[in-house]
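*Asks:* Quick one: structure below, then a few questions.
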Amino acid sequence: DGDIVRLIDTETAERMKSLDGQERAKGKDAVIRHEKKQQREKEMNAFMKNMKKPRK
């Protein structure tokens, strides 16, 4: 499984190198969006954990 991931990473890296600045900026936006989504999911998980705790 790791080999496939590495292959995709290499492909992506090659593509990033060949992209012009505008395309790279788009890619950066996508990464930022992805990170924000992960952050939201983390916060949701923490929230759900808190909800499961018995109230005093």
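The values are calculated or read from the model by the stated rules, or taken from the named source; none is laboratory data. Everything numeric in this text was worked out from a predicted model, so none of it was measured. Counting neighbours? That spans all protein chains shown, and the Cβs are built from the backbone with ideal geometry, glycine included.
*Asks:* Can you tell me which of (1) at pLDDT 80 or above; (2) of a type outside the set (Lys, Arg); (3) surrounded by 10 or more Cβ atoms within 10 Å (Cβ to Cβ) is the one residue 8 doesn't meet?
*Replies:* (1)
*Asks:* Another question, then. Is it the case, given these coordinates, that residue 56 is outside any helix (DSSP H, G or I) and at pLDDT below 75?
*Replies:* yes
*Asks:* One residue is enough: does segment 13-36 have a residue meeting the conditions in contact with a Gly (Cβ under 7 Å, 6 or more places away or on another chain), at pLDDT below 80 and part of a helix (DSSP H, G or I)?
*Replies:* Yes, some residue in segment 13-36 is in contact with a Gly (Cβ under 7 Å, 6 or more places away or on another chain), at pLDDT below 80 and part of a helix (DSSP H, G or I).
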